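The values are calculated or read from the model by the stated rules, or taken from the named source; none is laboratory data. Keep in mind that this is a model prediction, so the values were computed, not measured. Ideal geometry is used to build each Cβ from the backbone, glycine not excepted, and the neighbour counts take in all protein chains shown. Ligands, DNA and RNA are excluded from the accessible area calculation, which covers all protein heavy atoms including side chains. Shrake-Rupley method; radii C 1.70, N 1.55, O 1.52, S 1.80 Å.
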Amino acid sequence: MADNSKYIFVTGGVTSSLGKGIIAASIAKLIQARGFKVTIQKLDPYINIDPGTLNPYEHGECYVTDDGAETDLDLGHYERFLNVPTSQANNVTTGRIYQNVIEKERRGDFLGKTVQIIPHITDEIKERVKILGNTGDYDFVVTEIGGTVGDIESLPYIEAVRQMKWELGSNCIVVHLTLIPYLAASGELKTKPTQHSVKKLLEDGVQPDILVCRTEHDLSEEQKNKIAQFCNVDRASVIEAKDAASIYEVPLLMEEEKLDEVVLKKLGIDTFPKSRMETWKNFLRKLYNPKEKVRIALVGKYVELKDAYLSIAESFIHAGVHNNCEVDVSWIHSESISKDNASKILKDYDGVLVAPGFGERGVEGKISTIKFVRENDIPFLGICLGMQCAVIEFSRNVLNLKNANTTEIDPNSENPVISIMEDQKDIEEMGGTMRLGKYNCALSKGSKISEIYGSDLIAERHRHRYEFNNIYLQDFENAGMQATGINPENDLVEIIELKDHPWFVGVQFHPEYSSTVEKPHPLFVSFINAAVKQKKGKKELAASNS
Ligand code: GLN
């Protein structure tokens with residue numbers, strides 16, 4: 001069936017933050033569970049070429065794909081739900097669309113024509129959607145349109161959707177996600193904002209086929225009929241989406257509401273295989289019935305906004321389920337930690353993760369954190385800047401290297417234990433210029449890390465400029481910090497671990513980008529397992545002391 005892909009657009013109305021990404025991912029998951037091949041794409045209406053240059057406070061985490069694309073965090077949800085990698089083609093912004101059209105104009109591709117939003121920008125948008133369908137790899141392409149219907153910047157996208165619906169007929173549908181607000185004062189659910197948002201879509205020439213209605217309370221039959229009648233859809237196409245305790249419950253709630261069946265039927269597929277969601281249901285059962293609980297401190301500088309470390313938080317959930325345990329994460333601001341209070345703040349945790357990041361703010365707090373967990377045998381996972389801080393801490397406090405630092409913070413450091421790569425030195429532009437995407441890493445035989453991965457060669461995703469400075473490697477190894485993962489192509493150190501510590505691992509790459517519900521990441525699984533052991537050890541010690 002793959003040579004004739006079907007297209008499902010997901011739009012949003014009434015307000016932002018309704019969870020369009022999760023609904024898009026849930027639709028895709030349910031269709032995948034019926035044996036079809038699906039991919040999900042996000043079109044973002046902002047002018048940045050990609051979110052790589054955006055401050056995490058603005059837009060949350062920047063998610064990196066295997067091919068090194070810096071993308072919207074919703075792509076992380078897509079991979080975590082579908083367990084299928086995404087790529088640059090799965091995330092397109094208005095900036096990239098315009099950049100392409102302008103490049104074509106400069107090349108003379110438009111043969112002297114006036115270049116306009118319609119048809120040139122809309123054609124480019126349609127092309128970006130069809131690229132995925134034209135690969136022949138997918139039966140369905142789900143395309144999430146960022147933003148809210150009615151926004152000025154969404155207009156070219158909605159027009160592209162209108163044209164695709166007109167061109168493809170029953171091979172293209174629109175699922176519109178809206179909100180049914182509850183007015184506490186009158187105790188009522190209100191359908192009017194949904195009606196208005198659908199009217200807006202209709203004004204732009206798009207009749208949504210299915211409405212997914214976010215609500216805090218059950219919708220009555222009467223309300224569903226009313227929504228159907230005034231929004232011009234059939235009753236079966238009004239889907240109730242109640243708030244869920246976990247995003248991973250949403251596909252199952254949508255299955256109960258028969259969203260996947262309605263989608264398939266609207267696309268002309270009347271008979272389809274039975275849904276196979278057993279693994280998913282099992283995951284959820286374990287998620288809601290943990291046997292124990294560990295406490296993990298996540299030390300970073302963007303802790304006010306949980307989306308800044310979204311993939312890490314989700315990786316903890318996956319790894320927790322795998323260990324039958326709840327992972328209770330405390331988000332601790334690295335600026336609040338110093339060498340004087342590290343013990344007080346951190347001593348009760350069963351494990352500490354030091355987060356990735358850029359720039360100077362909070363780095364000394366991360367270093368104090370690491371000194372404390374290293375000296376007190378608390379399981380530690382350092383990711384990217386977190387690994388670099390572990391190297392700096394060790395060089396200052398064990399190797400006694402004066403003023404050791406990363407050249408990102410101190411370009412004139414006497415001991416630049418982390419420094420910029422040769423091929424990065426002359427780069428001046430910020431966008432897309434880091435070491436990005438998947439790189440191979442050879443693991444030392446007999447190391448903890450090769451046991452964790454069960455392999456000698458792995459490939460993980462990167463997003464950074466600075467690297468371990470190999471001039472110091474021998475000193476580190478002699479003192480007990482070993483480089484157990486090396487890039488076989490260029491000898492860069494990708495993993496460090498401590499010999500005499502229960503669990504102390506730093507990784508230059510980002511394992512959190514590739515943890516999924518079906519394949520929790522081995523590093524997170526092992527780290528949580530170490531935290532469980534740490535907790536047991538503490539309990540036994542307390543019992544023997546009492
Ligand atoms: N700022 C560091 C670098 O560029 C680490 C980046 C990160 O943690 N993603 O190398």
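What dipole magnitude, in Debye to the nearest 20, does the chain give about its Cα centre under +1 on Lys/Arg Cβ and -1 on Asp/Glu Cβ?
Values: 63 positive and 80 negative charges, 271 e Å.
Dipole of the chain, to the nearest 20 debye: 1300 debye.
Between 0 and 90 degrees, the angle of helix 20-32 with respect to the longest Cα principal axis of the chain falls at about 80 degrees. Per-residue SASA remark: R214, around 60 Å² accessible (1.4 Å probe; ligands, DNA and RNA not included).
Restricted to Cα atoms, the stretch 126-173 shows a radius of gyration and a Dmax of 11.5, 34 angstrom.
Under a Cβ-Cβ cut-off of 11 Å, what is the net charge of the residues other than S26 that fall near it, where Lys and Arg count +1 and Asp and Glu count -1? Combined, the nearby Lys, Arg, Asp and Glu give -2.
Cβ-Cβ distance of N440 and N100, R₀ of 41 Å, FRET efficiency by 1/(1 + (r/R0)^6): the value works out to about 0.85. Extent along the principal axes, Cα only, for the stretch 63-117: 46, 20, 15 Å, with the longest axis given first.
Volume of the convex hull of the stretch 332-420 (Cα atoms only), normalised per residue: 84 Å³.
On the accessible surface of the chain, probed at 1.4 Å, how many percent belong to carbon and sulfur atoms? Can you show the working numbers first?
Numbers: 11230 of 23200 Å².
With neighbouring chains kept in place, the figure for the chain is 48 percent.
The separation of the stretch 31-80 from the stretch 90-133, counted between C-alpha centres, amounts to 20 Å. Length available on full extension from E304 to E451: 0.36 nm per residue minus the Cα-Cα distance, which gives 49.4 nm. Distance distribution P(r), the stretch 233-311, all Cα-Cα pairs, bin width 10 angstrom from 0: 13, 31, 30, 17, 9, 0 percent. Take the Kirkwood radius over Cα pairs of the chain, plug it into Stokes-Einstein at 4 °C and 1.567 mPa s, and you get 52 µm²/s for translational diffusion.
Using only the alpha carbon atoms of the stretch 1-146, find the Kirkwood hydrodynamic radius as the inverse mean reciprocal pair distance, in angstroms to one decimal.
Working: mean 1/r = 0.0625 Å⁻¹.
Here the Kirkwood hydrodynamic radius works out to 16.0 Å.
Which order do the peptides 485-495, 138-148 come out in when sorted by mean C-beta neighbours inside 10 angstrom, highest first? List each step's numbers first, then the result.
On the way: 485-495: 18.7, 138-148: 24.6.
Per-residue Cβ counts within 10 Å, averaged per peptide and sorted highest first, yield 138-148, 485-495.
For the stretch 247-354, lysine pairs separated by 8 or more sequence positions, or belonging to different chains, with Cα-Cα distances below 22 Å total 14.
Relative to the longest principal axis of the Cα atoms of the chain, the long axis of helix 310-322 makes an angle of roughly 80 degrees.
Residue separation times 0.36 nm, minus the C-alpha to C-alpha distance between E167 and K274: what's the value?
Length gained, E167 through K274: 35.5 nm.
Compute the helix-to-body angle for 522-545: its Cα long axis versus the longest principal axis of the chain, expressed 0 to 90° and rounded to tens. Approximately 50 degrees, to the nearest ten.
Along the axis of the charge dipole computed for the stretch 11-119 (Cβ charges of +1 for Lys and Arg, -1 for Asp and Glu, origin at the Cα centre), the listed residues I117, I23, F36 are led at the positive end by F36.
What is the ratio of the Cα radius of gyration of the stretch 313-366 to 2.2 N^0.38 Å, with N the residue count, to two decimals?
On the way: Rg = 13.1 Å, N = 54, 2.2 N^0.38 = 10.0 Å.
Ratio of Rg to 2.2 N^0.38 Å for the stretch 313-366: 1.31.
Between A542 and S220, the distance separating the two model label sites (each 7 Å from Cα on the Cα→Cβ line) works out to 5.1 nm. Looking at the calculated P(r) for the stretch 420-546, what percent of the C-alpha pair distances fall above 17 Å? Result for the distance tail: 64 percent. Stokes-Einstein diffusion for the stretch 277-330, with the hydrodynamic radius set to the Kirkwood value over Cα pairs and evaluated at 4 °C in a medium of 1.567 mPa s, equals 109 µm²/s.
Across the stretch 1-86, Cα-Cα pairs farther apart than 20 Å form 39% of the total. Cα centroid separation, the stretch 166-240 to the stretch 348-371: 46 Å. Semi-axes of the equivalent ellipsoid for the stretch 345-493, computed as √(5λ) from the eigenvalues of its C-alpha gyration tensor and ordered from largest down, come to 22, 21, 16 Å. Probing with 1.4 Å while keeping every protein chain in the model, the per residue accessible area of the chain equals 42 Å².
Charge tally around E257: other residues with Cβ under 13 Å, Lys/Arg +1 each, Asp/Glu -1 each, net -2.
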